[in-house]
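Comments concern the structure below.
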Amino acid sequence: MSLTKMHSPQHEYPAKPRVGVGAVVFHADNVLLVCRNHPPAEGRWAIPGGKVRLGETLQQAAEREIYEETGITIRAGDPIFTFDMVERDTAGRVRYHYVIVDLAADYLHGEVKAGDDARDARWVSPRDLATLPVSNITVQLLRDRLSFG
């Protein structure tokens with residue numbers, strides 16, 4: 001899941017869904033994940049990413065977001081997974097609604113370090129995946145769709 005940079009007061013209780021992007025990056029048999037520092041899914045590990053800005057392509061947004069969150073440079077490719085993330089409050093009102101497009105991406109260079117809104121960032125092995133609090137949608141993507149872990 002790629003919602004790390006999406007929390008802010010203006011994004012709660014939106015009038016319409018927002019578009020987010022993530023990048024699925026593999027390097028040396030590991031996948032790049034971030035621990036989310038804000039709701040939704042605060043404290044859970046997920047695919048890094050964030051909002052698409054007006055005028056950006058999905059690829060441009062993914063490359064910018066991954067650099068801001070993890071300090072690494074990637075080349076974003078084609079979409080590989082799309083999903084809705086809808087969270088409601090106790091009264092049933094929509095608190096968050098994102099349409100997320102995760103892209104395949106190639107690692108180019110850089111050392112991983114948590115930046116921006118990420119609590120932590122690192123390369124995660126299939127074995128480590130089972131020991132971390134990983135978002136359900138990230139597990140679905142990595143294990144079921146990409147046979148990782």
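Relative contact order (percent) for region 85-149, with alpha-carbon contacts under 8 angstrom and 6 or more residues of separation?
Once normalised by length, the contact order is 17 percent.
Compute the relative contact order of the chain as a whole-number percentage, counting only Cα pairs closer than 8 Å that sit 6 or more residues apart in sequence.
It comes to 30 percent, rounded to a whole number.
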By average C-beta atoms within 10 angstrom, highest first, the peptides 70-76, 88-94, 115-121 = 70-76, 115-121, 88-94
query = Which percent, to the nearest 5, of DSSP beta bridges fully inside the chain are antiparallel?
reply = 70
ask   = Expressed as a whole number of Å, what is the distance separating the alpha-carbon centroids of region 124-142 and region 37-59?
value = 17
note = Simple spin-label estimate for Glu68/Asp106, 7 Å along Cα→Cβ, in nm, reads 2.5
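In deg cm²/dmol, rounded to 500, what helix-only [θ] at 222 nm does the chain give when every DSSP H run of at least 4 residues adds -39500 (n - 2.57) and the total is split over its residues?
-3500 deg cm²/dmol
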request  = Measure nothing but the geometry: give the 0 to 90° angle between the long axis through the Cα atoms of 58-70 and the longest principal axis through the Cα atoms of the chain, rounded to 10°.
outcome  = 80
ask   = For the peptides 137-149, 38-50, what is the packing order when you average, over each peptide's residues, the other Cβ atoms within 10 Å and list the highest mean first?
value = 38-50, 137-149
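Read-outs: derived from the displayed coordinates by stated rules, not from any lab. Here the structure is a predicted model, which is why all the values come from computation and not from measurement. Cβ: placed from backbone, ideal geometry, glycine included. Neighbour counts: every protein chain shown.
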